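A short worksheet on the structure shown next.
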Amino acid sequence: MAERAIRVFYNASAVPSRPAGAGVYTLELGAALAALPDIELEVAAAEKLGFGTHVTTPRRKAERIRWEEFKLQRDRTLDSCDLYHGTHFLTPKTHVPTVATVHDLTFFRIPGRYGLAHRMYYRHLARAATRADRIVVPSAAVAGDCLRFLGYPGQRIRVVAEAPRAGLAPADATPLAAFRLQNNITGSYFVCLGTAEPGKRAIDAIRAMAVIVPTHPETLLLLAGNPGPLSASLKREVRRLGLGDHVRFLGYVPDTDLAALLTGAIALVFPSLYEGFGLPPLEAMACGTPVITTDSPAMSDILRGAAMFVPLRDPAEIARHALTLLDSPTERSERSRAAIEFASAFSWAKAARETLSVYRELVA
C-alpha cells in the first residue's frame, strides 16, 4: 500500500531577491521536493517561487520578522499541515511536527563575522531551532556544532548533504566567449566567491596574487559576490599591493553567468575559515573547475580527496597551488575531469529523498 502524501508547510520566507547559500538551498530543495509524488508543499514566501502552493509572507525584513514572531504560529495553513519545515532555522511553537534546517553556526564560532544586531538575531533563530523535532544539517561539522553550542540531542540530528544547483555544468564556448567579452578578460583568471564577509578571507587570495603576478602578469583575480563589510578594506589591500590591474570586483553574479564564470577560471580560490558545507567549491567542481580551499570544516570533510587544501591564512600556499595549475595545463585538465566526477555524486533529488525520510520519521 502506497504511503500517503505529506502536506508540508515549507517556510521559504527568508529567501532574498539575490539568493546565495541558504537561499539556494531553499529553492533547490523545494523544487526537488515538489517533484516527488509523496509531498504537497505549502510554500511561505514573499513571492511565488515556482513550486508548491504559495502562502504570502511580508516582503520587508522588519515585517517578516514580526510575522515570524507573532503570526506564523497562528497561520491557518500551518495548522492544517502535517509538518512544518523551517528552511532557515526558524521554528514556531506549534502542535504539528517540526523540522528545522541549521546551515551553520558561524555566529557562535566566528562572532566577529557579523555585526552585533545581525549576530544576536541569528542566535535567536538558532535557539528557536532547538524547538524542532528534527534538525537537518548539511555536514557532520554542523551536527557537532549543534551539540556544542545549542545542546541539541545528537539522536535527533540528520545530515543531508547539499548539491550544486540543478543544471549547473561546464559552459560551452559561446557563453564563455560572451562572458570574457562582457568583462574584458583576455588572459587567465582565478575566481573567489562570497568575498567581502569576515571569515571568507578573500584577502588571502589577493595576497596570493602578489606572488603569482610577477611570473604571470596577464593573470586576473575575479572577486564575485554581494558587497559586504570588508569591501573597502579589500580594495585598500589591492591598492597597497599594487594589484589594481590584476584584481577585479564583479559584485553579484547572476545565475545566468555563473557557469561561464566558473568554467573559465583556472581554479576557484576559497580560503574561508569555516563553512557549514561549502557549496561554492562543489558548484565549481560541477563546472570542471579545480578548487583551492582551506583545510577547515566543513570543506575538509566534504571535499577530501577532490580539492587542493591549504592551511588557514596562508597566501603563499594558495599561490603555490595556483602556479602549479597555471604552469601545468595537463594537471589542470586532470583535476577538471576528477572534479566533475566528484560533484556528480551530489544531487538535490537525493537531498529531497533524504529529507522526505526525515519527514516520514515524524508523520505516521
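Please work out which residue is nearest to Asp204 (Cα to Cα), limiting yourself to the range 261-282 and to residues that are open to solvent by 10 Å² or more (accessible area, probe 1.4 Å) and not in a loop (DSSP other than H, G, I, E, B).
Pro280
Report, ordered by the first and then the second residue, all pairs with beta carbons closer than 8 Å, sequence separation of six or more or different chains, a first member in the range 50-72 that is on the phi > 0 side of the Ramachandran plot, and a second member that is among the acidic types (Asp, Glu).
The qualifying pairs are Gly52/Glu40; Gly52/Glu42.
Can you say whether Arg207 is more than 14 Å from Ala265 (Cα to Cα), open to solvent by 60 Å² or more (accessible area, probe 1.4 Å), of a type in the set (Lys, Arg) and not in a strand (DSSP E or B), as far as the supplied structure shows?
When the stated conditions are applied, Arg207 passes them.
Tally the residues that are surrounded by fewer than 20 Cβ atoms within 10 Å (Cβ to Cβ), part of a loop (DSSP other than H, G, I, E, B) and among the aliphatic types (A, V, I, L, M), restricting the search to the range 129-142.
Qualifying residue count, the range 129-142: 0.
What are the pairs with Cβ atoms under 8 angstrom where one residue, in the range 218-236, is part of a strand (DSSP E or B) and the other, located anywhere, is among the polar types (S, T, N, Q)? Sequence gap at least six, or different chains.
Leu220/Ser188; Leu222/Asn183; Leu223/Thr195; Ala224/Thr195
Answer with yes or no whether Ala267 is touching a residue at least 24 places away in the same chain (Cβ under 8 Å), touching a Phe, Trp or Tyr at 6+ places or on another chain (Cβ under 6 Å) and within 22 Å of Ala177 (Cα to Cα).
yes
Which condition does Arg335 not pass, out of (1) under 26 Å from Leu33 (Cα atoms); (2) open to solvent by 10 Å² or more (accessible area, probe 1.4 Å); (3) out of contact with any Ser or Thr (no Cβ under 7 Å at 6 or more places or on another chain); (4) touching a residue at least 40 places away in the same chain (Cβ under 8 Å), if it passes all the others?
(1)
Only one residue in Leu323, Leu362 is more than 26 Å from Ala166 (Cβ to Cβ) and in contact with an Asp or Glu (Cβ under 8 Å, 6 or more places away or on another chain). Which one?
Every option except Leu362 fails the conditions.
Test of understanding: among Leu33, Leu41, which residue is in contact (Cβ under 8 Å) with a residue 60 or more places away in the chain and either of a type outside the set (Asp, Glu) or not in a loop (DSSP other than H, G, I, E, B) (or both)?
Going through Leu33, Leu41 in turn, just one is in contact (Cβ under 8 Å) with a residue 60 or more places away in the chain and either of a type outside the set (Asp, Glu) or not in a loop (DSSP other than H, G, I, E, B) (or both): Leu33.
Please go through (1) over 20 Å from Leu273 (Cβ atoms); (2) at pLDDT 95 or above; (3) surrounded by 17 or more Cβ atoms within 10 Å (Cβ to Cβ) for Asp145 and return the number of the only condition it doesn't satisfy.
Every condition holds for Asp145 apart from (1).
Looking at Thr324, Thr330, Thr293, Thr256, which is the one that is open to solvent by 30 Å² or more (accessible area, probe 1.4 Å) and either at pLDDT below 95 or in a strand (DSSP E or B) (or both)?
Checking each option against the conditions leaves just Thr256.
Being free of Cβ contacts under 8 Å to residues at least 12 places away in the same chain, more than 25 Å from Ala210 (Cα to Cα) and surrounded by fewer than 16 Cβ atoms within 10 Å (Cβ to Cβ): is that true of Glu341 here?
In short, yes.
For Arg248, state whether it is surrounded by fewer than 24 Cβ atoms within 10 Å (Cβ to Cβ) and in a strand (DSSP E or B).
For Arg248, the condition - surrounded by fewer than 24 Cβ atoms within 10 Å (Cβ to Cβ) and in a strand (DSSP E or B) - is met.
Would you point out the residue of the range 98-112, among those that are open to solvent by 10 Å² or more (accessible area, probe 1.4 Å) and in contact with a Lys or Arg (Cβ under 8 Å, 6 or more places away or on another chain), that is farthest from Ile157 (Cα to Cα)?
Only one residue tops the list, namely Pro111.
Is it the case, given these coordinates, that Arg60 is open to solvent by 20 Å² or more (accessible area, probe 1.4 Å) and either under 27 Å from Ala364 (Cα atoms) or acidic (Asp, Glu) (or both)?
Answer is no for this residue.
Read through the list (1) under 14 Å from Ala322 (Cα atoms); (2) free of Cβ contacts under 8 Å to residues at least 40 places away in the same chain, then give the number of the only condition that Asp245 fails.
That leaves (1) as the condition not met.
The values are calculated or read from the model by the stated rules, or taken from the named source; none is laboratory data. Computed from a predicted structure; not experimentally measured. FYI the Cβ positions are ideal-geometry reconstructions off the backbone, even for glycines, and counts take in every protein chain you see. Quick note on the areas: whole protein, heavy atoms, side chains included, nothing else; ligands and nucleic acids left out. Shrake-Rupley method; radii C 1.70, N 1.55, O 1.52, S 1.80 Å.
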